[in-house]
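Let me begin by presenting the structure, written as structure tokens, before commenting on it.
The values are calculated or read from the model by the stated rules, or taken from the named source; none is laboratory data. Predicted model, so just to flag it, every value in this text is computed and none were measured. As a convention, Cβ positions derive from the backbone with ideal geometry for all residues, glycine included, and neighbour counts pool all protein chains shown. All accessible areas refer to the heavy atoms of the entire protein, side chains included, with ligands and DNA or RNA removed. Shrake-Rupley method; radii C 1.70, N 1.55, O 1.52, S 1.80 Å.
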Amino acid sequence: LASMQSSSKSCPCSCPSFKLREVASMYFTLVAVFLVILVVALQGSVPRGNDFPYKVPLDPQGLLELSWNVSYPEQTVHFKLLVRELRAGILFGMSDRGEFENADLAVLWSDGHSSYFGDAWSDAHGQLHMDSQQDYQLLGAWKTPEGLYLLFRRAFSTCDPKDYLIEDGTVHLIYGILEKPIHSLQAINISAIHRGLQRVQLLKPNISIPELPSDVETMEITAPDVVIPSQETTYWCYMAELPDGFPKHHIVKYEAVITAGNEALVHHMEVFQCAAELDSFPHYNGPCHSKMKPERLNSCRHVLAAWAMGAQAFYYPEEAGLAFGGSGSSRYLRLEVHYHNPLVLEGRRDSSGIRLYYTASLRPYDAGIMELGLVYTPVMAIPPGEDSFLLTGYCTDKCTQLREAPQGVRASWSCPFLPCLAGQERENWQRTQWEWEVKQRPSVAEVCVDDEGAGCKVEGDELITTCTYNTEDRSRATVGGFGIMEEMCVNYVHYYPQTQLELCKSAMDPGYLYRYFNLVNRFNDEEVCMCPQVSIPLQFTSVPWNTFNRDILKSLYSFAPISVHCNKSSAVRFPGEWEKQPLPTITQRLQEPTPHCPPTPRPQPAAPIPLHLDKLRR
């Protein structure tokens, strides 16, 4: 050491000599500059507050509200989560069927002193683990009078086997609320927390919005200050009228009008036009399934507009509009609102509905809405305890040939619709823009599908809608119907030019179901009542759901003849033979898309980000 000191003194040095304090100052200056550059870079890619066009409440009370946008160039979804009453933490994520096992999660939690944000995953037992690749990237957190906002992003595909692949179709969003502080992520017991799910389509169509005409007018069809019944499920009907002598117009856009505070209660809404053959309809304002509802209202089945939770405004293309008013069109409209009130809240008043944008400048084509899928009937049922059970509705070429549009029709939107709580699954309303031309072809090829819920397979004249159900948490069969605990599989297709065909759906021939019940009687010790006065749901209740009975029912749905409902807007079937029709055959299927992985993955260390929530302000 002495010789080194001596040598240093005798050796001249042209380099400047820095003191420790100066070196430290330079170091922290460089770090500060780097952080400024990093923040500026991140801010450049962070959406502004008004750049989150999609929004949905996650929980029935509206305590959690999710907004998001989609960047197709970056293959990224930006999330903005509002937590109105933060307790000890929040879980948010995605899973295949809305379960908390094998889920991909972003977690905010507190140990009582500090708060942390991190990317996590749960195993088959629901145990949480910090992900070695932190792909939920926190971009910001701030507090406002509304509550706590968390801003984070996630790539569509991360190539992390623990992560959920975000793709076209329905995504099951899950959430959980931590009531008390925990000492670590692994200490979270998902079975003991308040949790739930919401089903949305995260990847919205990347399309331009048509410009509205200069003479556009608006009309609101809304519920008249309804007191929402204190029960879980209510379908509310309200009759409205167009002005006397209202001439023909084209609807060019429609959107939901939701009463503030009821965003989590209004499940879906539809506006129907009544049959023009009937010159008058009684006024009605009450439950749709009430015995007091006039039977004539069942003739109001022509769909003008349909909306469900999470959907945005709907625009028709510039060359087409949905006609209403004028000669041959009824003045009477029926608004139907589905209220989903799982907490059985009392005294909530509602004036929600749909706002129509219309023009007197008629466009070249009248548009139409065709209803596809399954008939609302208990003949179509899902056994309990099923992980993934498929039901399919068919629109056969015998029906589509009645469309009276020799040049073919062009479909601009498909809206699969699956309001069922099977396996805690809720409504699946998604929009995918796809175009097809109906032509005479001898076979069917699959050209579009939503693997998470409802899908469509279109080419030629056979239109097929398939829905997937999960009933693992149920002990009884789930039958078709209108209730939230019953299954519904519907696909609304917006198309032009309009034809007389309004509804094309199917169900298995009922006679084959009675043969099934007879088979169950013969091969099982338990007796299934087949008395004519016993309802089909009750007969399904008495079926012993062993492997044999499950497999036979599944096989029956895949080959048994069907009853086709090929209806006009008046709900009257077209003339023809519609019973015991053979199932169409799919001759070609699309290949599954290959996930796009980032070319140079940049895994982040498996450590949560500390947050000082008490100091957050904006």
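Find which of S361, H289, A311 sits farthest along the positive direction of the dipole of region 241-384, computed with +1 on the beta-carbon of Lys and Arg, -1 on that of Asp and Glu, about the Cα centre.
Value: H289.
Summarise the accessible area of region 54-204 (1.4 Å probe, protein heavy atoms) by the percent that is carbon and sulfur.
Of the solvent-accessible surface of region 54-204, carbon and sulfur hold 46 percent.
Accessible area per residue for region 164-218 in Å², computed with a 1.4 Å probe and the full protein assembly in place, what is it?
About 48 Å² of surface per residue is accessible.
Measure up K248/K291; K55/K398; K55/K180; K505/K554 against 31 Å on the Cα-Cα distance and list the ones that go over.
From the list (K248/K291; K55/K398; K55/K180; K505/K554), the Cα-Cα distance tops 31 Å for K248/K291; K55/K398.
About its Cα centre, what dipole magnitude does region 345-395 give when the only charges are +1 on Lys and Arg Cβ and -1 on Asp and Glu Cβ, stated in debye to the nearest 20? Working shown, then result.
On the way: 4 positive and 6 negative charges, 74 e Å.
Roughly 360 debye, rounded to the nearest 20.
Beta carbons within 10 angstrom, averaged per residue: use that to sort the peptides 163-170, 226-233, 311-318, 214-221, highest first.
Values: 163-170: 19.9, 226-233: 16.0, 311-318: 18.0, 214-221: 12.9.
Top of the packing list down: 163-170, 311-318, 226-233, 214-221.
If all Cα-Cα distances of region 54-204 are sorted into 10 Å bins from 0 onward, what percent lands in each bin, rounded to whole numbers?
Bin by bin from 0 Å, the calculated values are 11, 45, 37, 6, 0.
What does the accessible area of C237 come to, in Å² to the nearest 10, when a probe of 1.4 Å is used?
C237 has an accessible surface of roughly 0 Å² with all protein chains in place.
Set Lys and Arg Cβ to +1 and Asp and Glu Cβ to -1, take the dipole of region 143-239 about its Cα centre, and tell me which of L185, L148, S230 lies farthest positive.
Most positive-ward Cα: L185.
Taking θ as phi - 60°, what are the ³J(HN,Hα) couplings along region 329-334 by the Karplus curve (6.51, -1.76, 1.60), each to the nearest whole Hz, with x for Gly and Pro?
Coupling constants for region 329-334: 10, 6, 7, 9, 10, 10 Hz.
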